Amino acid sequence: MNLDDLSIGANKYDKPSYDVPTDLIVFMRDDPMFYRKEYYPTMCGCQNCYNNGDKDKSMKLLMPMIDKAVSGYTKKYDLPYEENDLVPIEERKEIAQRIYEEEVNYFKEGEY
């Protein structure tokens, strides 16, 4: 056994007891500065990709936004976790898929 075996979660803290991906999505949509600077412009880009039939490009647009959201989220709430431990890359991909699925009806309506 070594010291790494004794650690519990990121920075020796347990994972949060709440649903981090859902809370992160709420943060992206509800934080006025993040929404204006990141979320809305990204959705406009995704709308254009949707109109051109390029879902893969939409997913590529979402990932940098999610990375910025994780960074802003951990800083705003002073969370004691490394960003990649709090929201691993696979979970970020799932968040991107979830956002796309939730927004696709708005893309169809030309909302953005």
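The values are calculated or read from the model by the stated rules, or taken from the named source; none is laboratory data. Being a predicted model, the structure only gives us computed values, none of them experimental. Virtual Cβ from ideal backbone geometry, glycine too; neighbours counted across all protein chains shown.
Laid out as a table, the results:
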{"item": "Count of residues meeting criterion [of a type outside the set (F, W, Y), part of a helix (DSSP H, G or I) and surrounded by 11 or more Cβ atoms within 10 Å (Cβ to Cβ)] in the range 102-112", "result": "4"}
{"item": "Every residue from the range 1-48 that is modelled with pLDDT under 80, part of a helix (DSSP H, G or I) and not aliphatic (A, V, I, L, M)", "result": "D4, D5, N11, K12"}
{"item": "Selection count, the range 82-101, where residues are free of Cβ contacts under 8 Å to residues at least 40 places away in the same chain and surrounded by 14 or more Cβ atoms within 10 Å (Cβ to Cβ)", "result": "4"}
{"item": "Looking only at the range 29-81, and only at residues there that are touching a residue at least 40 places away in the same chain (Cβ under 8 Å) and touching a Gly at 6+ places or on another chain (Cβ under 9 Å), the one that is surrounded by the most Cβ atoms within 10 Å (Cβ to Cβ)", "result": "S58"}
{"item": "Flag if D56 is assigned to a helix (DSSP H, G or I) and at pLDDT 95 or above", "result": "no"}
